[in-house]
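First up is the structure itself, then whatever we jot down about it.
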2 protein chains.
Amino acid sequence: MQESAFDARAPAESESEQLPSPELWESERIVSDAIGRLMVVWGFKRNMGRVWTLLYLSDEPLRADALRERLQLSAGAVSMTLGELARWGVVRKVFRQGDRHDYYEAESSLWKMISRVLRERERAEVLLAIEALEDGLAALERFAEQAVSAPARARIQRERIEQLLELARLGRSMLDALIDHARMDVSWLPRFRLGRRT
Amino acid sequence: MQESAFDARAPAESESEQLPSPELWESERIVSDAIGRLMVVWGFKRNMGRVWTLLYLSDEPLRADALRERLQLSAGAVSMTLGELARWGVVRKVFRQGDRHDYYEAESSLWKMISRVLRERERAEVLLAIEALEDGLAALERFAEQAVSAPARARIQRERIEQLLELARLGRSMLDALIDHARMDVSWLPRFRLGRRT
DNA sequence: GCATAGTTTCACGCGTTTCTGAAACTTGGT
DNA sequence: ACCAAGTTTCAGAAACGCGTGAAACTATGC
């Protein structure tokens, strides 16, 4: 379990004094770092979380430039990060007439974001796993029925792969349910629960 | 040492020929690779997934040795991996009388495993995030009320941080519900659903 | 058409993470 | 007590992912 990922940045700074630009509010620093951390746990890059957060917390679209200085990143990093965020549909480029800068704003519907990620990434993973498990099961049948090498082993193995399949399929259902509800309805929040056996 | 006997042939294809030990069934290879992949997505190491899977698919406890040769790993890697898996409580060392080897077996209740990971890792992350968000909110109040620098920015920011907090708290509830149900009841599987607004 | 400002792309380097190989350690047998 | 077989630990090597900096590209204004 790679615990790492931490790096809980203490307010105390060594001489490398990365003073985070006067325009970055304390609250923004705290929140963007927290979300950055969380993003890492979720398999994204830290800077994606930090950039998105600043945009989300801003009352107006920001220029790449502003992000660069507030987060102390290189222009390249900002550009690539924005690109990735845009590909995930969680950040949008907006134009302003009479201004040749590119501005960016965050998708402000959290549920839209989440359902998108679940749909495009988590779901794909689960589908892949299901497929692989089915393949494994097929390979087992093929192998077991001709060479009766180890019946107990084959039997247990079939059982267990089927368990895994069941779990994976449940995962798929859960994701589908979440995606579905997230899309149409944001107010089910406090009503979350699981079916209880009757 | 004791591999021979089996793979008498082996026309030797590419020299990088990672032949995966005759004792590793095709089905085992497929499934353990798939689970290994999934584990990576979940933030664990690939080999943890592969090792756990072999144990889970086995009808009897295995020795570190057997894992080493089936997965083509060094003894050190196997040992460390088993250690980590044991710390997560998903693999157990078992002893057999009159046999001085260490044997290992997988926790066979998938839900026990999952609820444990959710409880110890995911939940901790969410709690941390909630805490950070609350700190951010506090920092914002502190800052905003004395220096009335940018009222709109402060207002929006407060709103958005509160949104994030709401989401994080929902996440916590969902995790708690999952953990709770997973612990006491394995048969709610097909009954999963979300509350629908009435 | 050229100069200027802003943005994107990309090869490289750096810091991490993961694995290996070998040495140290344990345990049971003789 | 010593040996043999197995296991764990650890320093270093390889692999990997990420961000930088500079060059290429684009668009605007003169």
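The values are calculated or read from the model by the stated rules, or taken from the named source; none is laboratory data. Worth saying up front: this structure is predicted, and the values here are computed from it rather than measured. Quick reminder, even Gly has a Cβ in these numbers, built from the backbone with ideal geometry, and neighbours come from all protein chains shown.
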## Note on the structure
When the range B:37-46 is checked residue by residue, the ones that are touching a Leu at 6+ places or on another chain (Cβ under 8 Å) and either within 11 Å of DNA strand C (Cβ to nearest atom) or more than 10 Å from every other protein chain (Cβ to nearest Cβ) (or both) are none
### Message
Tally up the residues in the range A:52-77 that are more than 7 Å from DNA strand C (Cβ to nearest atom) and in a helix (DSSP H, G or I), please.
### Response
13
### Task
Working only within the range A:112-124, note down all residues that are buried (at least 19 other Cβ atoms within 10 Å of the Cβ) and within 17 Å of A:Arg169 (Cα to Cα).
A:Glu122
### Query
A:Glu60 is checked against (1) surrounded by 22 or more Cβ atoms within 10 Å (Cβ to Cβ); (2) more than 10 Å from DNA strand D (Cβ to nearest atom) and fails just one. What number does that condition carry?
(1)
### Message
Going residue by residue through the range B:108-119, is there one that turns out to be away from DNA strand C (no atom under 15 Å from the Cβ) and farther than 29 Å from A:Leu140 by Cβ?
### Response
yes
### Task
Please state which of the following conditions A:Arg160 fails to meet, knowing it meets all the rest: (1) buried (at least 18 other Cβ atoms within 10 Å of the Cβ); (2) more than 33 Å from the chain's Cα centre (by Cα); (3) basic (Lys, Arg).
(2)
### Message
Considering only residues that are aliphatic (A, V, I, L, M), at the interface with chain B (Cβ under 10 Å from one of its Cβ atoms) and closer than 15 Å to A:Glu166 by Cα, which ones fall in the range A:106-133?
### Response
A:Val126, A:Leu128, A:Ala129, A:Ile130, A:Ala132, A:Leu133
### Message
Considering only the range A:90-98, I want to know if a residue exists there that is modelled with pLDDT of 90 or more and away from DNA strand C (no atom under 15 Å from the Cβ).
### Response
yes
### Task
Just one of (1) under 27 Å from A:Val117 (Cβ atoms); (2) away from DNA strand C (no atom under 12 Å from the Cβ) trips up B:Gly49, so point out which.
(2)
## Note on the structure
Output for Cβ contacts, cut-off 7 Å, separation at least six or different chains, first residue closer than 16 Å to B:Ile114 by Cα and surrounded by fewer than 18 Cβ atoms within 10 Å (Cβ to Cβ) in the range B:18-42, second modelled with pLDDT of 90 or more and aliphatic (A, V, I, L, M), reads none
### Residues satisfying the stated conditions in the range A:97-110, i.e. over 29 Å from B:Gly171 (Cα atoms) and either more than 11 Å from DNA strand D (Cβ to nearest atom) or not assigned by TED's automatic domain parsing to the domain that holds A:Lys45 (or both)
A:Tyr103
